[in-house]
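Remarks on the structure that follows.
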Amino acid sequence: MRIAECGLRSGEKEAKEGMERIKNYIDGRWVDSRSGETFRSINPANIDDVVGVVSRSGREDVDQAVRAAQRAYEEWRLTPAPHRGEILFRAAEILLRNKESLGKLETREMGKILSEGLGDVQEAIDMGYYMAGEGRRLSGETVPSELPNKDMKSVRVPVGVFGLITPWNFPIAIPGWKVFPALICGNTVVFKPSSDTTVCAAKFVEALAEAGLPKGVLNLIHGPGGEVGEYLVSHPGVDAVSFTGSFDTGKRLEGICGAIHRMIVTEMGGKNAIIVMDDADLDLAVDGAVWGAFGTTGQRCTAASRIVVHRKVYRKFAEKFKPAASRLKLGDGLQKETDVGPVINESQFNKILRYIEIGKNEGAKLILGGKACRKGNCSKGYFIEPTLFIDVAPEMRIAQEEIFGPVVSVIKAEDLEDAVQIVNRTPYGLSSSIYTQNVNTSAIAERDLETGIVYINASTIGAEIQLPFGGIKHSGYGRKEAGGRGGALDTYSRWKVIYRDFSGRLQRAQIDK
Ligand code: NAP
């Protein structure tokens, strides 16, 4: 029997070239939703290109997926962690084998340029290998008891069934950040990806299925976040939730989970900033600003949407930044010469253009871009020109609210203290950076910047999976993603503390010393 026939693949190719039929993955089988309804996943660089026709789930599908995860939990939690790790290692190998095709798929479904699509897949591979290795660690502590003939230790135990909800901007990496650590810790999972990147999500799950994950351990459901996502988060069979997406959605889900005493981790938006000091290497800072502002078309939670420049180098920086940004080529990310791809969908496209109008009306000076591109190979997609505002006041809406597109604000600062205050005075606190040659300046910035991540002489983007990732204030709540101890392992496991008394008599701590 061919793999497709025995239900091991996410979808069958439709008659039209390249369009996939994407199903849910429940209890080890690829299945249509109960209703049989579907929706489409579209290439944002060419809206005539339908990447997938996707099962639109309802509550019954979620119920089924949660039941499958509950059933699988009993066996999976008792599967030795090194063996769980071997399966994850195989999944990472499969992702590596398919890296090229997955990277291309990411570009087609999400729009990021191919080198970034490949980087996104690599991040999931890295996380797979990292968490596979954790299968042979997952260490706790043994410490001496104050009493004789007694030992004590802390051990990590799984939480149960995790509901995982992911955004579209890292369609394989973010599922990797969540699924690999959740599984290594012995949890089972119901995963609901963004409706904009369902095909990537299905291919990621396919790799884990092919690696030999037992049925029910990882379940995938597609459908509208407000319906199936929210139902999943509040489902009585779910023990904990990990969400990445916008602040509005995350805050709503925190409220739901708070009311039912359910653990939730949220990673949300950002209004990240680069500080450029008067002693900075300006060419390096410009490179960092261009990459931070326009990489992934500005659609990274860590994108540099504000550049805060010391007054002494303000004009000089702007004079270098504008030509560097204007050299960026907009287009389909599969074409080699493209630097900046489309934005994800019509609603983001309209939102970004609205913010550009807001910036103009607020009195910021538009010196580059500022409009949609509908020429040449941009004619069929959601393209917006790299857009640069200067003379932006820190309190303007374009300097305070997350735009999530290729729009950057340059703000003048008097000195280091002023720059740090400007960076800190937004509701968000995800990533920041400073360009300076002075070690003392960098130390003060490192101490005083109120963000979860700080970069020195590098842009606001580029986190690596070995360290915890996440923000403060409106950027994140609860424990962190990525990293090991202090990061993802703490998020996806609970501590259990065990005291064993082998003295054969009553021994009272703090009393019988
Ligand atoms: P979003 O609209 O909040 O959606 C995120 C996910 O939540 C999607 O899967 C969505 O499903 C689902 N969802 C929407 N409403 C829901 C509800 N009421 N209950 C349960 N689930 C719901 O965010 P997005 O537009 O996909 O992503 C962009 C945002 O993510 C930005 O703010 C960005 O900064 C943030 N982000 C943060 C990080 C980080 O690590 N801090 C990383 C990446 C992105 P549907 O797609 O079906 O609506």
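Some points to look at:
- In the stretch 298-389, GluC sites (Glu not before Pro) in a DSSP loop with at most 12 other beta-carbon atoms within 10 Å: E337
- About its Cα centre, the chain has a charge dipole of approximately 600 debye under the convention of +1 per Lys or Arg Cβ and -1 per Asp or Glu Cβ, with nothing else charged.
- Charge dipole (the chain, unit charges on Cβ, about Cα centre) - positive-most of T491, I47, A372: T491
- Summing +1 for each Lys or Arg and -1 for each Asp or Glu among the other residues whose beta-carbon sits under 14 angstrom from that of L416 gives -4.
- Length gained on full extension, S115 to R447, computed as 0.36 nm times the residue gap minus the Cα-Cα distance: 116.1 nm.
- Residue order for F469, F321, fewest other beta carbons within 10 angstrom first, comes to F469, F321.
- Within the chain, percent of DSSP bridges classed antiparallel, to nearest 5: 45
- FRET efficiency, V155 to D63 (Cβ-Cβ, R0 41 Å, nearest 0.05): 0.80
- Residue pairs, from the table K112/K365; K192/K496; K322/K351; K322/K371, whose Cα atoms sit over 26 Å apart: K112/K365; K192/K496
- Extension gain, E141-V497: 0.36 nm per intervening residue step, less the Cα-Cα distance, totals 127.2 nm.
- Counting every other Cβ atom within 10 Å of each residue's Cβ, D151, D120 order from fewest to most as D151, D120.
- Taking a ≥ b ≥ c as the square roots of the eigenvalues of the alpha carbon gyration tensor, the chain is oblate, as a/c is not under 1.5 and a/b does not beat b/c.
- 3J(HN,Hα) from dihedral phi, the stretch 198-209, Karplus parametrisation 6.51/-1.76/1.60, rounded to Hz, x for glycine, proline: 6, 5, 4, 4, 5, 5, 5, 5, 4, 4, 5, 5
- The spread of Cα positions in the stretch 141-227, taken along each principal axis and listed from longest to shortest, comes to 60, 29, 21 Å.
- For the stretch 94-161, the fraction of C-alpha pairs farther apart than 18 angstrom is 61 percent.
- Ellipsoid fit via the Cα gyration tensor, the stretch 20-170: semi-axes of 38, 22, 12 Å, each the root of five times an eigenvalue, largest first.
- When the Cα gyration tensor is reduced to axis lengths a ≥ b ≥ c, the ratio a/c is 1.5 or higher for the stretch 340-419, and with a/b above b/c it is classed as prolate.
- Paramagnetic reach from D512 in the stretch 138-153 [backbone N under 12 Å; point 7 Å along Cα→Cβ]: 147-150
- In nm, spacing of pseudo-spin labels at K336 and I256 (7 Å Cα→C-beta vector): 4.7
- Three-way shape call for the stretch 393-453 based on the alpha-carbon gyration tensor, with the a/c threshold at 1.5: prolate
- In angstrom, the C-alpha Rg and Dmax of the stretch 405-513 are 21.6, 72.
Every read-out reported here was derived from the displayed coordinates using simple, explicitly stated rules and does not represent laboratory data. Everything quoted here is computed from the prediction, not taken from an experiment. Note that we place each Cβ from the backbone using ideal geometry, even for glycine, and neighbour counts take in every protein chain shown.
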